[in-house]
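Here is the structure we will look at, set down as structure tokens.
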Amino acid sequence: YREAVRLAYWTGVYRLEEAGLWRAAEARTPREYLRLVPSGHPQRELLASLTARFERIWYGSETASAEDFQSTVTQLEKLGCPFPSIPATESC
């Protein structure tokens, strides 16, 4: 689950790039991306939550679980990333 959470986090970063928040750069840290989102932006809290979980699991010593991954997927869905858990007929 550790790697899955990492990849899901970066999926969120690239989704927000598609939304026009920034141009992704490999040299930026997760916290630098978070600082680029203006206070009050509707996606800021979602990214803050994704960032916190990712940092705890990837850089910290927290073990990733299925619940961590499922929560991350739920947050990505809220960012506009489609997953199989969203029915194909659901409108955006």
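Carbon and sulfur: what percent of the chain's accessible surface (1.4 Å probe)?
In the chain, the share of accessible area belonging to carbon and sulfur is 52 percent.
Of the residues SER49, SER65, SER39, which exhibits the maximal mean-square fluctuation in a Gaussian network model of the chain defined by a 10 Å Cα contact cut-off?
Most flexible of the set in this elastic network: SER39.
Given a 1.4 Å probe, how much area per residue of the chain is accessible, in Å²?
That works out to 64 Å² per residue.
Under unit Cβ charges (Lys, Arg +1; Asp, Glu -1), what dipole magnitude, rounded to 20 debye, does the chain have relative to its Cα centre?
280
Expressed as cubic angstrom per residue, what is the convex hull volume of the alpha carbon set of the chain?
Given the Cα convex hull of the chain, per-residue volume reads 97 Å³.
The values are calculated or read from the model by the stated rules, or taken from the named source; none is laboratory data. What you see is a predicted model; the values in this text were computed from it and never measured. Counting neighbours? That spans all protein chains shown, and the Cβs are built from the backbone with ideal geometry, glycine included. Remember, those area values only see protein heavy atoms, side chains included, never the ligands or the DNA or RNA. Shrake-Rupley method; radii C 1.70, N 1.55, O 1.52, S 1.80 Å.
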